Amino acid sequence: MIDHISIGVRDLARATNFYDELLATLEYERLETRPATVGYGKRYPEFWLNLRAGREPTTGDNGAHFCLRATSVDVVNRFHESGVRLGAISGGEPGIRPEYSDQYYAAFIIDRDQNLIEVVTFVDPL
């Protein structure tokens, strides 16, 4: 249903360095680099960074939240660990989210532009 996602970033070079390594945990790679946008994906760009240099810095929740699918619990854990190591804030440690289901294993990070990024995989019922 959704073909691609675009998020605004104030510093494209900094965001590109962050997302190059972070998205590699999900086997995404940088497929497109233009002066004001960078696209990541597996076969085609499905996750885009768009330069919004004039955007005021935000504090707290900017309202942007998206979730990417992981192939395993280990990938969710590595994604969260990598994000925090690269300078993101933990928005929720990896684990089962029983409020969604007993199969929903997810983690959350908040990037430097206050985008809330979730990564999820589904496990066998407990």
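Residues in segment 36-54: is at least one assigned to a loop (DSSP other than H, G, I, E, B), within 30 Å of Pro125 (Cα to Cα), of a type in the set (Ser, Thr, Tyr) and in contact with a Leu (Cβ under 9 Å, 6 or more places away or on another chain)?
So far as segment 36-54 goes, no, none of its residues is assigned to a loop (DSSP other than H, G, I, E, B), within 30 Å of Pro125 (Cα to Cα), of a type in the set (Ser, Thr, Tyr) and in contact with a Leu (Cβ under 9 Å, 6 or more places away or on another chain).
For segment 63-83, how many residues meet the condition of being closer than 16 Å to Asp113 by Cβ and not in a loop (DSSP other than H, G, I, E, B)?
So the answer is 3.
From (1) in contact with a helix residue (DSSP H, G or I) (Cβ under 8 Å, 6 or more places away or on another chain); (2) buried (at least 19 other Cβ atoms within 10 Å of the Cβ); (3) farther than 30 Å from Asp124 by Cβ; (4) hydrophobic (A, V, I, L, M, F, W, C), pick out the condition that doesn't hold for Ala15.
(1)
Of everything in segment 31-57 that's closer than 11 Å to Arg10 by Cβ and modelled with pLDDT of 95 or more, which residue is surrounded by the most Cβ atoms within 10 Å (Cβ to Cβ)?
This residue is Leu49.
Filter segment 99-113 down to the residues that are of a type outside the set (A, V, I, L, M), buried (at least 16 other Cβ atoms within 10 Å of the Cβ) and in contact with a strand residue (DSSP E or B) (Cβ under 6 Å, 6 or more places away or on another chain), then identify the one that is farthest from Val123 (Cα to Cα).
Among residues in segment 99-113 that are of a type outside the set (A, V, I, L, M), buried (at least 16 other Cβ atoms within 10 Å of the Cβ) and in contact with a strand residue (DSSP E or B) (Cβ under 6 Å, 6 or more places away or on another chain), the one farthest from Val123 (Cα to Cα) is Asp113.
Here's the yes/no breakdown for (1) at pLDDT 95 or above; (2) of a type outside the set (A, V, I, L, M); (3) in contact with a strand residue (DSSP E or B) (Cβ under 7 Å, 6 or more places away or on another chain):
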| residue | (1), (2), (3) |
| --- | --- |
| Thr59 | no, yes, no |
| Arg85 | yes, yes, no |
| Arg97 | yes, yes, yes |
| Asp124 | no, yes, no |
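The values are calculated or read from the model by the stated rules, or taken from the named source; none is laboratory data. This is a predicted model, so every value here is computed, not measured. Here the Cβ is made from the backbone with ideal geometry for all residues, glycine too, and neighbour counts use every protein chain on show.
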